[in-house]
Amino acid sequence: MSSQLRPLAPLAENPKLKSGPGSSNSTAPGQNSRRASHSSSGRPDPLGTEVHLSASRIGPGVIPTGRMDVVPHEELSPEEKAKRLAAYAAVDEHVKDFHKVLGIGSGSTVPYVVERLCQPPHCYANSDRWYVPTGFQSKELIVKAGLNLGDVDQFPTIDVTIDGADEVDDELNAIKGGGACQLREKVLAEAATHFIIVADSRKDSHVLGQTWKQGVPIEVAPFAWAKVFVNLQKMGCEKPTLRMGKMKAGPVVTDNGNFVIDAVFSEPYMRDPAELLHRIKMLTGVLEVGLFVGMAEAAYFGYPDGTVMARWQDGRREQVDATKGLEIAESGKRV
Ligand SMILES: O=C[C@H](O)[C@H](O)[C@H](O)COP(=O)(O)O
């Protein structure tokens, strides 16, 4: 029977693959053939290396349009409107034309960040700008919007990272990782010159743990999860839980192939997030903790009444105008 089967052509001899995406002969849409070390702005690639082809465009059937469909603002729920307004305000206040590398966070608020970045005036800088994702979801957002996709190993210094949060305290410390992205998110937050949080008003809190009741998300090496679990209990964690998948038997597996333990700590622990972070991180098997302490420069909270409150690390609070991009959002046009 095997004699009837024709052997597959080696990849290099397959004419279809020779000019296909990812081939070294191909000139895929967008920036595939561009060397980051010689960008049109003359800005050098931080590592002086050629951009990886795989980093430019991904996914079968993905057509980078450079455009995004915008849902008319009036069609959104009050919570979604609040997220959009917070995202628009943060982009308008913190992203400048000269910022050439942006970090894009994860969650349900961040799509509005990308939406605004695809609108005037920000979109005019996009051909010469690189976007670094914090996980699968934001990678998809970047690719589908037709933006230049980069990675943190190409751009270990990022101009601005904008990300969501599960809860933010009075000092802008945050719980993150509700979507299990905290490891990459923290790397991109740390790599950023400016790390900005966007959220709706439900995340605006005084002490961590007051509104986010499911605990601190901790990414752990799979083989070590039970050991970390027991050590968290010994440390005083009231209720560690191995996060389980939905529509999947077994635990959630992160974009990095790890597990997540959600660890609830009582208020005295949560009032000193720096100490708690340090202690959890010292447990062998822990890869990253979803406590972002002293990292955010500002946080933008959208309220259901259409206002946006910006909070700063020095304690300043100010209401900001978030309506600049709404003309486009209200029309529901493609941008
Ligand atoms: O792992 C996920 C992230 O930390 C998210 O940024 C966080 O869960 C907030 O997400 P959302 O904007 O959906 O509230």
Exercise. In this structure, is Ala86 open to solvent by less than 30 Å² (accessible area, probe 1.4 Å), closer than 15 Å to Ala192 by Cβ and in a helix (DSSP H, G or I)?
Worked result: no
Problem set entry | Test result for Gln182, of a type outside the set (A, V, I, L, M), in the same structural domain as Ile158 (by TED's automatic domain parsing) and closer than 15 Å to Lys281 by Cα | yes
Exercise. Right, Glu297: open to solvent by less than 20 Å² (accessible area, probe 1.4 Å) and within 21 Å of the chain's Cα centre (by Cα) or not?
Worked result: no
For this session: All but one of (1) among the hydroxyl-bearing types (Ser, Thr, Tyr); (2) more than 16 Å from the ligand (Cβ to nearest atom); (3) at pLDDT 95 or above hold for Ser56, so report the exception by its number.
Result: (3)
Exercise. Across the stretch 159-177, which residue is nearest to the ligand (Cβ to nearest atom) among those that are within 12 Å of the chain's Cα centre (by Cα) and of a type in the set (Gly, Ala, Ser)?
Worked result: Gly164
Exercise. Yes or no: Glu167 modelled with pLDDT of 95 or more, farther than 21 Å from Asp314 by Cβ, open to solvent by less than 10 Å² (accessible area, probe 1.4 Å) and touching a helix residue (DSSP H, G or I) at 6+ places or on another chain (Cβ under 7 Å)?
Worked result: no
Problem set entry | The lone exception for Ala125 - which of (1) without any contact (Cβ under 8 Å) to a residue 60 or more places away in the chain; (2) assigned to a strand (DSSP E or B); (3) surrounded by fewer than 23 Cβ atoms within 10 Å (Cβ to Cβ) it fails | (2)
Exercise. Which ranges mark the helices (runs of 4 or more DSSP H) fully within the stretch 179-291 that have 3 or more residues being open to solvent by 10 Å² or more (accessible area, probe 1.4 Å), at pLDDT 95 or above and within 12 Å of the ligand (Cβ to nearest atom)?
Worked result: 182-191
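The values are calculated or read from the model by the stated rules, or taken from the named source; none is laboratory data. What you are looking at is a predicted structure, and each value in this text was computed from that prediction instead of being measured. Backbone-built Cβ (ideal geometry, glycine too); neighbour counts: all protein chains shown. With ligands, DNA and RNA removed, areas are computed over all heavy atoms of the protein, side chains included. Shrake-Rupley method; radii C 1.70, N 1.55, O 1.52, S 1.80 Å.
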